[in-house]
Each structure stands twice: as structure tokens, then as C-alpha cells.
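J.: First, the structure itself, so that you have it in front of you.
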Amino acid sequence: MADRVTVIGWDGSPLTAAARSALSAATLVAGAAHHLALPEVPPTAERIRLGSLGLAARRIAGHRGTAVVFADGDPGFFGAVRTLRAPEHGLEVEVVPAVSSVAAAFARAGMPWDDAQVVVAHPRTLRRAVNVCRAHGKVAVLTSPGAGPAELALLLGGVHRTFVICEELGTDNEQVSVLTSDRAADHAWRDPNVVIVIGGQVTASSTAAEPAWLLGQSPAQTGPRGWARPQADGGEGESAQLRAAQLARLGPRTGDLVWDIGTGSGIFAVDAAAFGAAVIAVDADPHACERATAAARKRGVQLQVVAGRAPHVLEDLPEPDVVRIGGGGAEVVAAVADRRPERIVSHASTRDEAEAIGRALAEGGYTVECALLQSVGLDPRTWSEQDRSVVFLLAAERPVNR
């Protein structure tokens, strides 16, 4: 095992005294090509060009001597320190930090970033990173080959955002470009780069100058408490109890894409978005689409509203993780099941309708549960009945191996 492992963060600035001291004693240095070309790297040290950090960690673990690992930016922020400290390598490391590439990117843009989401995009996580960009108004994306600005823009599709693309931060080739997302796919971008994705609805709460206290805090987190609340305007729609049960069964979370088909007032879609998920709200009624847009603006969440009739309008939508079906019957349910989301919820007012939906879900390969929900609203002053709701709730889950 290496006698000592020092991880040096580099942001293009001159190396600190601590970094130079660690390098002078190094018998092994690992890093990218521009790190290994630094004049402070001892000419007698073994050099490892970093590709797979896991492979490099195994070589360092077997090295007898002192090792230095270079990383761009702060190596403790989505960086090399986590991998090197993994139990299977048994390495104890010292860290010489630098300004993270995310902090540097926002500095170049002249923007605060305590209200930003930060995600890492690899080819395997690209879709989830894009969903975060759909759901939030300010996101920093740490990209990788095959999951860069062009790929982000292509998957965003009709969701328009502004991209601040920072290429090769801290080097002589550093470049910062600002353009709309629909133009980003037409360029070839240099790695490494950081993309700041900005846009969506602007609300009073999101522009307030109140001091933040939580990194990545969204306006929805500072608004009124609770979810699945009764509609304040007394508008028509599903009961709060049914919406609460639907949300509980779907479990929307950051990185998910939720379809809300037959969104109506948009109140379910807004609740799902408040959990951090990206949401596409679909309705054939233009007035319903307007209400959903207004509800999202009032709550301070991002919502993509699509006007059209299911199932045909669903063909061009990106793949969902979870889906709520508020109307359309078995035909829409079957079309949704064909897209293989992880979970689906729907409801029915009659047993015949519930059985038809259940069959469509089962034939689509889903495990189906059904419950009869009854709720009675009472006036606590007189304990008299105000309203009553009886509905069949159907919840379906795709088996893990399908």
C-alpha cells in the first residue's frame, strides 16, 4: 500500500505550497494529461494517465511509496476522494482542495449558486439529469463524454432553457458560451465542461432577495406546508384524500419524469413537482391547461403543460418513470403500460370501469392492487357531513425483471 496518498485539486491557479511539497516527494503521480504535463511533477515519478479512477486506485493501493492524484476543481465535490476512500481500496488520503468547477462556472457567469441544483451526467444518468433540468430553474450539470451539452439539449426537446457552457475551465483554452438550448446541439463542445441550465417560470418567491439557508432550495420548499391539500378555490377535481393516496403510491422524486394525464386543475401535477420531480401535465381541455399553468406559477414549480388528447398525444413525450392517469379509461391505460413506466396509478368510479383498467394493467405485465376509498368531509363545528367521495384506486407496479 502507498505510504501516503495526497489528492490535489487544480483549478488552473498556481499550485499551493502544500501541493508542491506533496509533489516533490511523490514516487507516483496520477492525473489527466494536462496535470501530468505540469512542470512540478517529478521527472522520476511513475505516471498514470487517469481513465478509470477505480483501476488507478487499485494500482495506487499496490504501490510502495508516496502517491499524488490530481483532479480538476475540488476533489471532494463529486470528485476523486469518494472513490479513493472506498473500503475496497483501503486508502487514507490527504486533500489539497481547489475551487470547484461548479463554483468557477457560476463565478464566470456572475451568478449566485446557493439556489442551484448540481447533477452529474454520465450516459447512464443523462436522462435523470435532464429531468432535473426540466424540474428546476437553475441547474449545474457536470458533464462527461457522451453526456454533454448537445445531448442535454436533444433530450430537453421542447423545453426551452438558456445554457451557459464553460469549457476547459482554468486552462488557457477556457471559453464561456451563452446560448439557447435549441442551438446547443449544433455545436461540438470540448471536454471537460460545465453547463449551467437556466430558465422556466419566474415567480415572486424565486426572485425574492431573502437569504437562503439550504443549498438548492426551491421556491416550493419555502411556500405553504403540506401537499394534497383541498383546493382553496373549491374547484372541481379529485378529493385531497385520493390525491394523497396516488402520490403515496407513485412516490415522485428528484430525477423522475411524471406524466399526469387528464391533469384538470393541475393540482396533482403541482404537488408532484414540489417533490422535485419533472412533470408533464396533459389535458385535452385548453382551459384545464391554463389552470395547470397558473397553479404551477402560484406554487413556484416548473411544469410542462401539453394540450392534446391521450393516447395519441403521448406518442411524442419522453419516457416516464411514473404515471397518474386521471381519465381516458382502459385504452389510455394500455397505451401507458406499453411505455413501461415503473409505476402507474388510476382510479374509477364504478366497479366495471375498475375491472377494465385492472385487466389492461395486468395484460401489460403489471402487478395490480385495487382499494375502495371512501372519505367523508365533516364540518367540525356541527359535525355535519359536507361531502362524500367513494372511488376505486388502482395502483400498478412493473416487476423488477421486466
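The values are calculated or read from the model by the stated rules, or taken from the named source; none is laboratory data. What you see is a predicted model; the values in this text were computed from it and never measured. Heads up, the Cβs are rebuilt from the backbone with ideal geometry, glycines too, and the neighbour counts pull from every protein chain shown. The area values use the complete protein model at the heavy-atom level, side chains included, leaving out ligands, DNA and RNA. Shrake-Rupley method; radii C 1.70, N 1.55, O 1.52, S 1.80 Å.
J.: Helix 351-363 against the longest principal axis of the chain: what's the angle in degrees, Cα atoms only, rounded to the nearest 10?
T.: It works out to around 30 degrees.
J.: Right, here's the next one. With N set to the number of residues, divide the alpha-carbon radius of gyration of the range 307-402 by 2.2 N^0.38 Å and report two decimals. Could you put the intermediate results ahead of the total?
T.: Values: Rg = 15.9 Å, N = 96, 2.2 N^0.38 = 12.5 Å.
Dividing the Cα radius of gyration by 2.2 N^0.38 Å gives 1.28.
J.: Run the quick spin-label model on Arg297 and Arg47: label points 7 Å from Cα toward the beta carbon, then report their separation in nm to one decimal.
T.: 5.8 nm
J.: To continue, here is another question. Of all accessible surface on the chain at a 1.4 Å probe, what whole percent is carbon and sulfur?
T.: Working: 10240 of 19850 Å².
Carbon and sulfur atoms account for 52 percent of the accessible area of the chain.
J.: If you don't mind, another one. Excluding ligands, DNA and RNA, what is the solvent-accessible area per residue of the chain at a probe of 1.4 Å, expressed in Å²? Please list the in-between numbers first.
T.: Numbers: 19850 Å² over 402 residues.
Ligands and nucleic acids excluded, the figure is 49 Å² per residue.
J.: Would you mind working out the magnitude of the charge dipole of the range 220-300 relative to its Cα centre, with +1 at each Lys and Arg C-beta and -1 at each Asp and Glu C-beta, to the nearest 20 Debye?
T.: In debye, rounded to 20, the range 220-300 gives about 400.
J.: Distance in nm between label sites at Glu342 and His187, each 7 Å beyond Cα in the beta-carbon direction?
T.: A separation of 3.4 nm, rounded to one decimal place.
J.: Additional query: Hand me the trypsin sites (Lys or Arg not before Pro) from the range 31-75 located in a DSSP loop with no more than 12 other Cβ atoms within 10 Å, in residue order please. It would help to have the intermediate numbers written out before the result.
T.: Numbers: sites: Arg47, Arg49, Arg58, Arg59, Arg64; in loops: Arg64.
Answer in residue order: Arg64.
J.: Still on this structure, please answer the following. Determine, for each peptide in 180-187, 303-310, 255-262, the mean count of other beta carbons within 10 angstrom over its residues, then list the peptides with the highest first.
T.: Highest mean packing first, the order is 255-262, 303-310, 180-187.
J.: Return the calculated 222 nm mean residue ellipticity for the chain, to the nearest 500 deg cm²/dmol, obtained by summing -39500 (n - 2.57) across DSSP H runs with n ≥ 4 and dividing by the residue count. Provide the component values of the computation, followed by the final result.
T.: Working: 14 runs with 117 residues, N = 402.
Result for the chain: -8000 deg cm²/dmol, rounded to the nearest 500.
J.: Given labels modelled 7 Å from the Cα in the Cβ direction, how far is it in nm from Leu154 to Thr254?
T.: 2.7 nm
J.: Moving on. Suppose every Lys and Arg Cβ carries +1 and every Asp and Glu Cβ carries -1, with no other charges. What dipole size does the range 2-123 come out with about its Cα centre, to the nearest 20 debye?
T.: Computed charge dipole of the range 2-123: roughly 420 debye.
J.: By how many degrees, between 0 and 90 and to the nearest 10, does the Cα long axis of helix 329-338 differ from the longest principal axis of the chain?
T.: 20 degrees
J.: Oh, and also: Which of Trp259, Ile48, Leu242 sits closest to the plus end of the dipole of the chain, meaning its Cα is farthest towards the positive end, when Lys and Arg get +1 and Asp and Glu get -1 on the C-beta?
T.: Going by the Cα projections, it comes out as Ile48.
J.: Right, something else. Let me know the Rg and Dmax you get for the chain when you use only its Cα atoms, in Å.
T.: For the chain, the Cα-based Rg and Dmax read 25.6, 87 Å.
J.: Check Val95: other-chain or 5+ apart residues with amide H under 5 Å from its amide H, H built from backbone geometry?
T.: Close amide H contacts, sequence-distant or interchain: Val7.
J.: Something else: Nearest 20 debye, what's the magnitude of the dipole of the chain about its Cα centre given +1 on Lys and Arg Cβ and -1 on Asp and Glu Cβ? The partial results should precede the final answer.
T.: On the way: 38 positive and 45 negative charges, 148 e Å.
Dipole about the Cα centre, nearest 20: 720 debye.
J.: Students often check this: by mean Cβ neighbours within 10 Å, which of 145-153, 286-294 ranks highest, and how do the rest follow?
T.: Working: 145-153: 20.3, 286-294: 16.8.
The densest-packed peptide leads the list: 145-153, 286-294.
J.: Continuing with this model, one more query. Where in the range 80-146 are there GluC sites (Glu not before Pro) that are in a DSSP coil and have at most 15 other Cβ atoms within 10 angstrom of their Cβ? List each step's numbers first, then the result.
T.: On the way: sites: Glu88, Glu92, Glu94; in loops: Glu88, Glu92.
Here the sparse-neighbourhood loop sites are Glu88, Glu92.
J.: Would you mind listing how long the range 1-153 runs along its three principal axes, going by Cα atoms, in whole Å with the largest first?
T.: Here the spans come out as 48, 32, 24 Å, largest first.
J.: Provide the percentage of antiparallel DSSP beta bridges, counting only those with both residues in the range 77-217; round to the nearest 5. Intermediate values should be presented prior to the final figure.
T.: Working: 18 of 22 bridges.
About 80 percent, rounded to the nearest 5.
J.: Rounded to the nearest 5, what % of DSSP beta bridges with both residues in the chain are antiparallel? Numbers along the way, then the final one.
T.: Details: 37 of 76 bridges.
Antiparallel bridges make up about 50 percent of those DSSP assigns within the chain.
J.: Over all directions, average the projected area of the Cα convex hull of the range 86-179 and note it in nm².
T.: Values: hull surface 32.1 nm².
With the hull built on Cα positions only, its mean projection is 8.0 nm².
J.: Positive end of the dipole of the range 228-364, charges at C-beta (+1 Lys, Arg; -1 Asp, Glu), about the Cα centre: which of Gly308, Ala294, Val323 has its Cα farthest in that direction?
T.: Ala294
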